[in-house]
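The values are calculated or read from the model by the stated rules, or taken from the named source; none is laboratory data. Because the structure is a prediction, the values reported are computed rather than measured. Cβ placement follows ideal geometry from the backbone for every residue including glycine, while neighbour counts extend to all protein chains displayed.
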Ligand SMILES: Nc1ncnc2c1ncn2[C@@H]1O[C@H](COP(=O)(O)OP(=O)(O)OP(=O)(O)O)[C@@H](O)[C@H]1O
């Protein structure tokens, strides 16, 4: 029994240099009823860009590829004023890269390997944004600011450390506390900010324009 | 009785006086010369008739001794027993000779002094030799005392016979305190208790335990402190057997050695960790891709099974969730490994750059591969200290030096030049070889992980080096040139790190 490929959930342009990843993610997204268009490189994607329908679509791109990299592709699209929400895929734990992509205008990031729930949440959010055609990164919502103000100075420091891509251990060393204390702070921050995931916390921090350059 | 002495009638006595090799002078009761035998004439250069009738102290005695000689003459005159005296004679040509005299008074029948007979031995030369000997001895003693090595001698019972200044310094005893003591006092246990046995064995069997070859031992200072020492024992016979021990305190040497060993160990460790880090980073990416694909496939199947037509597959869906979570775990392990390695942030402190470089060179050149390599160092004395992670920087230098040595493996001329120089705002370290140069295919990928053309090479040395130098906000590059050989340059900024680090 075959089902229609195109559904109203939206289109995902998947760019990844690894064929197994392309096949696997395509299978996953198809099963989740997205339509998927794959490219094996940024160059490949750009070459077919003109023939693509970019409405109700999202670009899911690996950040680390030979040739034009994910971040560069994002830049190129921005330069061409192409309104396409971008989700970058990073290696697990490569927060600095993710943060850079988010600053650059990516709407979200996914750490590989991801679960069905994670990828669906991210895609749906991005697609809804693409439909509303708005970028939430310009000015933080007042509610977010309120939450942020509830953080203690220590928690704020920890948050900056996290956004900067540091591990608990590194933050612990700079703040001269134990990694466990940092982890406790981290939990509190997530709670106070109402962030469901780490990616969401990062997203919020970026929306708040928290500049974390304090560790380097 | 008239003695046969004053008539030249050829009597036996007379002949003896005339022919003997010993200066004999016969004085009258008032000290005037009555007889001056040929030996005396020969010694002084005066002819007999030049001196007869004159008093000895009027011309033969040096000024300082005139009083002494007269006193002895008086004493001799008054006594029966012979007297002895040593004094100088002033020769006719002004030279002095030292003579040892035996004087005897000869009385006449009535008991009056008729003559004083003086027999002399010329000891000038003997005295000079004696003097020279004692000078030589003093000279040798001062050499022994100046020796930077402790020198002690013991007799066959182990009793200390001499203890030079360095021994005093080294052991903390004064020579006077220990001479005659048993040498065991300078040893810690178990040697202390065994030493008598060692000596006894040697004396009996001649079996040498430690003789004639240097070996490293523990010695004991007065305050009980033990220290590593090189000991060399020799035997010589001075009537009875005597043993000389040369003892060198090698505490400092040991410390330098230990520090080098430690550094070497730390470097190896850092090298392994660094290598792991590079590999982990590469693996993290390479392995994450199939893991992502697998998790996605599992997710896809799980989604499909949730469709109505597959009702009753809840078990399978749960199992697939397990698959995904195990995949996540695998990925997490890789992440942790990479993070653990990345976390080893530089631990910088002030270090003398030249010392860091020198140590790295020493460590790198240990081993057979570096045989035949001529090392030339040119270190800038103005360099001073720099904030750096010593082990990491040495790791870079060891990499560069080993690469250089490798590159010269098949070259006739193997010259390695390591230089440091102070430049404006930074310090420059260069490692230059006369090797084969960097191959074309290598040029572009030089600092990339897994770029190697060596058999058994992993190709991460330079990529780790680059990461380390980046962390020090420095630069590393190779001068690619046409002529054979390669120059690697490392630039380390002065102070840049500090500002960055302390800016929290
Ligand atoms: N001084 C040099 N002269 C010539 N070629 C060099 C020199 N230094 C490095 N190379 C080249 O660069 C390559 C990479 O060096 P790198 O130190 O990264 O790894 P490697 O020495 O090959 O292997 P390993 O990591 O196992 O030590 C070497 O294989 C060699 O071809």
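Test of understanding: among A:199, A:195, which residue is modelled with pLDDT under 85, more than 14 Å from chain B (Cβ to nearest Cβ) and within 15 Å of the chain's Cα centre (by Cα)? Outline the logic, then answer.
Values: A:195 fails: modelled with pLDDT under 85.
Within the list A:199, A:195, the selection yields A:199.
So which residues in the range B:465-493 are modelled with pLDDT under 85 and away from chain A (no Cβ under 14 Å), if there are any at all?
Within the range B:465-493, B:467, B:479, B:480, B:481, B:482, B:483, B:484 meet the criteria.
Just one of (1) touching a helix residue (DSSP H, G or I) at 6+ places or on another chain (Cβ under 6 Å); (2) more than 9 Å from the ligand (Cβ to nearest atom); (3) at pLDDT below 85 trips up residue B:460, so point out which.
Unmet for residue B:460, out of (1) touching a helix residue (DSSP H, G or I) at 6+ places or on another chain (Cβ under 6 Å); (2) more than 9 Å from the ligand (Cβ to nearest atom); (3) at pLDDT below 85: (2).
Can you say whether residue B:390 is modelled with pLDDT under 90 and more than 6 Å from the ligand (Cβ to nearest atom), as far as the supplied structure shows?
yes
I need the full set of residues from the range A:15-38 which are over 21 Å from residue B:307 (Cα atoms) and crowded, with 24+ Cβ neighbours inside 10 Å, in order please.
Applying the first criterion (over 21 Å from residue B:307 (Cα atoms)) to the range A:15-38 yields A:15-22, A:37-38.
Result: A:15, A:16, A:21.
Which of the numbered conditions does residue B:309 fail, given that it passes all the others? Conditions: (1) modelled with pLDDT of 80 or more; (2) exposed (fewer than 14 other Cβ atoms within 10 Å of the Cβ); (3) within 12 Å of chain A (Cβ to nearest Cβ).
Residue B:309 satisfies all of (1) modelled with pLDDT of 80 or more; (2) exposed (fewer than 14 other Cβ atoms within 10 Å of the Cβ); (3) within 12 Å of chain A (Cβ to nearest Cβ) except (1).
Going by what's in this entry, would residue A:45 be described as modelled with pLDDT of 90 or more and under 19 Å from the mean Cα position of the chain (by Cα)? Before you say what the answer is, go through the steps one by one.
Working: modelled with pLDDT of 90 or more: yes; under 19 Å from the mean Cα position of the chain (by Cα): no.
Here the answer is no, as residue A:45 does not meet what is asked.
Yes or no: residue B:412 more than 15 Å from the ligand (Cβ to nearest atom) and without any contact (Cβ under 8 Å) to a residue 12 or more places away in the chain?
Details: more than 15 Å from the ligand (Cβ to nearest atom): yes; without any contact (Cβ under 8 Å) to a residue 12 or more places away in the chain: yes.
It is true that residue B:412 is more than 15 Å from the ligand (Cβ to nearest atom) and without any contact (Cβ under 8 Å) to a residue 12 or more places away in the chain.
Counting only residues that are under 13 Å from residue A:71 (Cβ atoms) and within 10 Å of the chain's Cα centre (by Cα), which one in the range A:104-130 is farthest from the other protein chains (Cβ to nearest Cβ)?
Ranking the candidates gives A:105 first.
Count, please, the residues in the range B:424-447 that happen to be more than 7 Å from the ligand (Cβ to nearest atom), free of Cβ contacts under 8 Å to residues at least 24 places away in the same chain and loosely packed, with under 14 Cβ neighbours inside 10 Å.
Narrowing the range B:424-447 to residues more than 7 Å from the ligand (Cβ to nearest atom): B:424-432, B:434, B:440-441, B:443-445, B:447.
From what's left, free of Cβ contacts under 8 Å to residues at least 24 places away in the same chain: B:424, B:440-441, B:444-445.
With loosely packed, with under 14 Cβ neighbours inside 10 Å added as a condition, the list becomes B:424, B:440-441, B:444.
Count: 4.
Looking at the structure I just gave you, is residue B:114 farther than 29 Å from residue B:127 by Cα, assigned to a strand (DSSP E or B) and over 60 Å from the mean Cα position of the chain (by Cα)?
Numbers: farther than 29 Å from residue B:127 by Cα: yes; assigned to a strand (DSSP E or B): yes; over 60 Å from the mean Cα position of the chain (by Cα): yes.
In short, yes.
Working carefully through the options B:122, B:93, find the one that is touching a residue at least 24 places away in the same chain (Cβ under 8 Å), closer than 27 Å to residue B:50 by Cα and in contact with a strand residue (DSSP E or B) (Cβ under 8 Å, 6 or more places away or on another chain).
Details: B:93 fails: in contact with a strand residue (DSSP E or B) (Cβ under 8 Å, 6 or more places away or on another chain).
Step by step, each of B:122, B:93 is checked, and only B:122 is touching a residue at least 24 places away in the same chain (Cβ under 8 Å), closer than 27 Å to residue B:50 by Cα and in contact with a strand residue (DSSP E or B) (Cβ under 8 Å, 6 or more places away or on another chain).
Just checking: which of the strands (runs of 3 or more DSSP E) contained wholly in the range B:1-103 hold 2 or more residues that are within 17 Å of residue B:122 (Cα to Cα) and more than 59 Å from the chain's Cα centre (by Cα)? Full working, then the answer.
Working: elements: B:24-27, B:33-36, B:83-90.
Output list reads B:24-27.
Only one of these is touching a strand residue (DSSP E or B) at 6+ places or on another chain (Cβ under 9 Å), within 8 Å of the ligand (Cβ to nearest atom) and outside the structural domain of residue B:280 (by TED's automatic domain parsing): B:451, B:478, B:421, B:361. Name it. Give the derivation first.
Numbers: B:451 fails: touching a strand residue (DSSP E or B) at 6+ places or on another chain (Cβ under 9 Å); B:421 fails: within 8 Å of the ligand (Cβ to nearest atom); B:361 fails: within 8 Å of the ligand (Cβ to nearest atom).
One residue alone meets the criteria, B:478.
Return the pairs, sorted by first residue and then second, in which the second residue is assigned to a helix (DSSP H, G or I) and modelled with pLDDT of 75 or more, the first residue lies in the range B:266-280 and is farther than 14 Å from residue B:396 by Cβ and more than 14 Å from the ligand (Cβ to nearest atom), the beta carbons are less than 8 Å apart, and the residues are 6+ apart or on different chains.
Hits for this filter: B:280/B:334.
Report the residue count in the range B:287-302 for those that are within 9 Å of another protein chain (Cβ to nearest Cβ) and modelled with pLDDT under 90. Steps first, answer last, please.
First pass over the range B:287-302, keeping only residues within 9 Å of another protein chain (Cβ to nearest Cβ): B:288-302.
Now narrow it down to the ones that are modelled with pLDDT under 90: B:288-289.
Number satisfying all stated conditions: 2.
For every residue, the table says whether it meets (1) surrounded by 12 or more Cβ atoms within 10 Å (Cβ to Cβ); (2) in a helix (DSSP H, G or I).
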residue	(1), (2)
B:121	yes, no
B:126	yes, yes
B:136	no, yes
B:141	yes, yes
B:153	yes, no
B:170	yes, yes
B:193	no, yes
B:196	yes, yes
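Residues that are more than 19 Å from residue A:17 (Cα to Cα) and assigned to a helix (DSSP H, G or I): does the range A:59-74 have at least one? Can you show your working first?
Keep residues of the range A:59-74 that are more than 19 Å from residue A:17 (Cα to Cα), which gives none.
There is no residue in the range A:59-74 that is more than 19 Å from residue A:17 (Cα to Cα) and assigned to a helix (DSSP H, G or I).
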